[in-house]
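Chemist: This is the structure I have questions about; it appears just below.
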Amino acid sequence: MKKILLCICASLFCASVMFAQNKTSASLRYDVPLDSIRMSDPFVYADRQTMTYYMTGTGGKMWKSKNLKTWTGPFHVTDIDSLSWMGSNPMIWAAEIHKYKGKYFYFATFTNKDVHIDTVDNNVIDRRSCQVLQSDDVCGPYTITGDSVFLPADKPTLDGTLWLDTDGKPYMVYCYEWLQNRNGTIEKILMKDDLSGTIGEGTVLFRASDSPWSREKDASGHDKPNKVTDGPFLFKTKSGRLGMIWSSWIYDVYTQGVAYSVSGTLDGPWVQDPEPVTPANYGHGMMFRDFNGRILMVVHSHARNASGNVVRVPHFFIVDLSGDKLDVVREYIP
């Protein structure tokens, strides 16, 4: 009887695996042009071992390419524990992949719309937080293997990214969302050496209102600094200067700017460049080196189509970091 039950269980398991594989294969698209992909907050991990580009972002799916021009996907790469704070079907935003000490880490923002943490100005705020999942393979599956909570449960946070500072320690840099604090911040928090959790409390690096270029109107129609912080990503120029690209708004135009650290560390102080670094309605960028040695920035465009719906598409720009500052040279079309 035990052998029969084992055989039945094994058969059911194999059938479920085959069903999942067939379901994934049936939903895949092949040779998809970049401008046909709809994705916010794109992030590209360039893997030299496989000479493959892996693109993730909002939506929690992965696309693969050998040439940045045509892509295969979307692949499902996360395995969410329904008993965690995320629930069974969380929204996934701004997913990033970082390789660290031989393992792959999936930094992403998860939202559980069934749990509410606050109400500010009659706006109900859902449980939203940055979390790090882990895998032995770049393609996943990515699972929660460390702490179940990385950032305070009573604060909406988003767009976490990884940075190793001059002290050799890993930090998560993330946004504390304006919905609750009314003046969004970009903060850092120390991570455990194996990235399995965080240590201590977050420290504010700068606030949305520090930016000279982001603007909005108050209730009386007067100009004031915009309250949104979005999509931080850190980099160093060839001269060793530490910079950070991040996004906000100029009225209704999605915009990306840059700030530089005076001290060369995350502690700053951070000085904002007076002008944006990318064209209007492009933002939430990150940078990577392609297999030809170029430094590329991937961002999403933010525009309305003929039907009035917002469409977000990944775009590449060639970037020059050979001097003391970031210079966006031109758009790159593979």
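Chemist: Give me the pairs, please: first residue somewhere in region 285-302 and of a type in the set (Lys, Arg), second residue anywhere and part of a strand (DSSP E or B), beta-carbon distance under 7 Å, and either six or more positions apart or on two chains.
Modeler: Arg289/Ala46; Arg289/Ile295; Arg294/Ile318
Chemist: Out of the residues in region 210-246 that are hydrophobic (A, V, I, L, M, F, W, C) and not in a strand (DSSP E or B), state the one that is most open to solvent (accessible area, probe 1.4 Å).
Modeler: Ala219
Chemist: What number of residues within region 5-32 satisfy the criterion of being open to solvent by less than 60 Å² (accessible area, probe 1.4 Å) and modelled with pLDDT of 95 or more?
Modeler: Number of matching residues: 2.
Chemist: Can you pull out the residues in region 100-129 that are touching an Asp or Glu at 6+ places or on another chain (Cβ under 8 Å), closer than 28 Å to Lys169 by Cβ and either among the hydroxyl-bearing types (Ser, Thr, Tyr) or surrounded by fewer than 17 Cβ atoms within 10 Å (Cβ to Cβ) (or both)?
Modeler: Lys101, Lys103, Tyr104, Tyr106, Thr109
Chemist: For the subset of region 133-149 comprising residues that are part of a loop (DSSP other than H, G, I, E, B) and of a type outside the set (A, V, I, L, M, F, W, C), which member is most open to solvent (accessible area, probe 1.4 Å)?
Modeler: Taking the candidates together, the pick is Asp136.
Chemist: Could you list, in sequence order, all residues of region 260-290 that are acidic (Asp, Glu) and open to solvent by 30 Å² or more (accessible area, probe 1.4 Å)?
Modeler: Once the filter is applied, which keeps residues that are acidic (Asp, Glu) and open to solvent by 30 Å² or more (accessible area, probe 1.4 Å), region 260-290 yields Asp267, Asp273, Glu275.
Chemist: Can you tell me how many residues within region 69-93 are under 19 Å from the mean Cα position of the chain (by Cα), in a loop (DSSP other than H, G, I, E, B) and surrounded by 15 or more Cβ atoms within 10 Å (Cβ to Cβ)?
Modeler: Residues meeting the conditions: 4.
The values are calculated or read from the model by the stated rules, or taken from the named source; none is laboratory data. Bear in mind the structure is a predicted one, so any value in this text is a computation, not a measurement. Note: ideal-geometry Cβ built from the backbone for every residue, glycine included; neighbour counts use all protein chains shown. SASA here: full protein model, heavy atoms, side chains in, ligands and nucleic acids out. Shrake-Rupley method; radii C 1.70, N 1.55, O 1.52, S 1.80 Å.
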